[in-house]
Amino acid sequence: MTGWTHRHLIDLACFSIDDYQEVLALAHRFRALPVTGTRKLPALQGRLIATLFFEPSTRTRSSFELAAKSLSADVQSFTPSNSSIGKGETILDTALTYVAMGADVLVVRHKSTNVPAQLAYELEKAGETTSVLNGGDGLHSHPSQGLLDLYTLARYFEPENPSTDALKGKKITIIGDILHSRVARSNLWALTACGADVVLCGPPSLLPEEFKEFVSAPPPGIEKDPIPKRGKIYITRKLSEALQDADAVMTLRLQQERMQENLLSDTNRYHQDYGLSHQSLKICGKNVPVLHPGPVNRGVEMSGDLLNDRSTCLVEEQVKNGIPVRMALLYLISAI
């Protein structure tokens with residue numbers, strides 16, 4: 001570990017190329033180590049990691065808890081249905097309760113944008129040193145998912161030495177519900193930082209033209225983009241154009257629970273226009289990896305046959321890589 005400076009991890013807009021490289025290198029080391037049973041690493045022994053998930057989750061919550069336990073940390077899980085939230089307790093009061101019980105890191109997931117950022121601000125204002133790690137907030141950000149996707153791709157292109165250089169000059173296609181996807185937003189920051197060009201593909205109702213300018217200016221609170229030169233973002237409405245010469249393809253779940261309007265009336269038509277299959281992937285002109293953050297709607301975002309094809313579909317690899325990547329994040333943040 002060298003120059004890690006982030007007490008909190010809210011999004012990836014503030015990451016330098018060295019930050020990305022540090023996470024990739026550490027995650028790769030952790031992935032190679034046996035960290036189950038009695039062979040756990042003692043790196044975070046005596047630390048308490050609290051997972052405060054105000055929104056349902058399987059992969060993110062479970063992998064953060066497994067990551068913490070693999071580093072010998074103690075883990076405390078919060079479930080809204082079994083808490084005092086129903087009695088009027090605020091989210092901040094809930095967080096402060098866990099801080100008072102000795103939590104070193106709060107992993108926070110919430111359906112509303114900026115809840116993790118606001119908690120980090122309030123904790124610092126109160127003089128607390130507890131770190132906040134964003135487990136997904138509204139439509140804003142899902143940084144650990146963006147990082148595990150980055151690691152999965154880097155490892156695919158450079159199995160022995162996954163690095164940011166593995167993405168340089170690559171064409172990465174992201175298909176589907178970009179508008180409601182915090183995963184897509186985190187991937188845009190990460191992939192363009194590493195020099196990849198990203199092609200976004202989807203219907204206008206789920207992919208506004210404004211996304212072409214998504215990384216053109218740092219978000220509020222960041223004075224200067226830490227990446228001197230990013231890859232470019234392109235938009236197309238045609239799947240055939242998006243897949244042509246692509247080096248990797250990511251498709252996203254249709255997030256009906258976040259849609260405020262009936263933006264998509266026919267999932268069968270969506271699959272015809274934007275669904276992935278072995279046949280449609282032939283347009284790429286070569287064998288390419290397919291990613292999906294999960295859970296997958298079979299027969300909508302991709303065919304069942306493609307989802308089951310481990311030689312092409314890396315969904316299980318993404319799940320597997322989530323643990324070492326989140327181990328790396330917990331380790332780095334806990335060392336601040």
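The values are calculated or read from the model by the stated rules, or taken from the named source; none is laboratory data. Quick caveat, the model's predicted, so the values are computed rather than measured. Don't worry about glycine lacking a Cβ; one is built from the backbone with ideal geometry, like all the others, and counts go over all protein chains shown.
I'm trying to understand the selection: among the residues of the range 44-65, which are farther than 30 Å from Gly195 by Cβ, outside any strand (DSSP E or B) and in contact with a Ser or Thr (Cβ under 7 Å, 6 or more places away or on another chain)?
As a first pass, look at the range 44-65 and keep what is farther than 30 Å from Gly195 by Cβ: 44-58, 61-62, 65.
Restricting the remaining residues to those that are outside any strand (DSSP E or B) gives 44-47, 54-58, 61-62, 65.
Those that are farther than 30 Å from Gly195 by Cβ, outside any strand (DSSP E or B) and in contact with a Ser or Thr (Cβ under 7 Å, 6 or more places away or on another chain): Leu44, Gln45, Arg47, Arg61, Glu65.
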(message) Quick check on the range 106-158: of everything there that is more than 20 Å from Glu65 (Cβ to Cβ), part of a helix (DSSP H, G or I) and hydroxyl-bearing (Ser, Thr, Tyr), which residue is nearest to the chain's Cα centre (by Cα)?
(response) Thr152
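Which one of Lys224, Lys171 is at pLDDT 95 or above and basic (Lys, Arg)?
Testing whether each residue is at pLDDT 95 or above and basic (Lys, Arg) leaves just Lys171.
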(message) Return the residues of the range 191-213 that are closer than 15 Å to Pro143 by Cβ and either surrounded by fewer than 24 Cβ atoms within 10 Å (Cβ to Cβ) or not assigned by TED's automatic domain parsing to the domain that holds Leu148 (or both); say none if nothing qualifies.
(response) Thr192
(message) For the condition of a type in the set (Phe, Trp, Tyr), in contact with a helix residue (DSSP H, G or I) (Cβ under 7 Å, 6 or more places away or on another chain) and in the same structural domain as Ile227 (by TED's automatic domain parsing), what is the one hit in Tyr156, Tyr151?
(response) Tyr151
(request) Of the numbered conditions (1) assigned to a loop (DSSP other than H, G, I, E, B); (2) over 16 Å from the mean Cα position of the chain (by Cα); (3) hydroxyl-bearing (Ser, Thr, Tyr), Ser77 fails exactly one; give the number of that condition. (result) (1)
(request) Could you tell me whether any residue of the range 174-181 is in contact (Cβ under 8 Å) with a residue 24 or more places away in the chain, in a loop (DSSP other than H, G, I, E, B) and polar (S, T, N, Q)? (result) yes
(request) Taking the options Leu252, Leu239, name whichever one is crowded, with 19+ Cβ neighbours inside 10 Å, in contact with a Gly (Cβ under 6 Å, 6 or more places away or on another chain) and in contact (Cβ under 8 Å) with a residue 12 or more places away in the chain. (result) Leu252
(message) I'm trying to understand the selection: among the residues of the range 12-40, which are in a loop (DSSP other than H, G, I, E, B) and in contact (Cβ under 8 Å) with a residue 40 or more places away in the chain?
(response) Leu12, Ala13, Cys14, Phe15, Ser16, Val35
(request) State whether one or more residues within the range 102-116 are under 30 Å from Ala248 (Cα atoms) and either surrounded by fewer than 15 Cβ atoms within 10 Å (Cβ to Cβ) or in the same structural domain as Thr251 (by TED's automatic domain parsing) (or both). (result) yes
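Determine which member of the set Glu158, Glu89, Glu122 is closer than 18 Å to Ala328 by Cβ and surrounded by fewer than 24 Cβ atoms within 10 Å (Cβ to Cβ).
After applying the criteria, what remains is Glu158.
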(request) Could you please let me know if Phe64 is aromatic (Phe, Trp, Tyr), under 27 Å from Tyr151 (Cβ atoms) and modelled with pLDDT of 95 or more? (result) yes
(message) Six or more apart or on different chains, Cβ atoms under 8 Å: show the pairs whose first residue is in the range 298-311 and in contact (Cβ under 8 Å) with a residue 40 or more places away in the chain and whose second is of a type in the set (S, T, N, Q) and part of a loop (DSSP other than H, G, I, E, B).
(response) Met302/Ser277
(message) When you check Gly136 against the structure, is it at positive phi, crowded, with 24+ Cβ neighbours inside 10 Å and not aliphatic (A, V, I, L, M), yes or no?
(response) yes
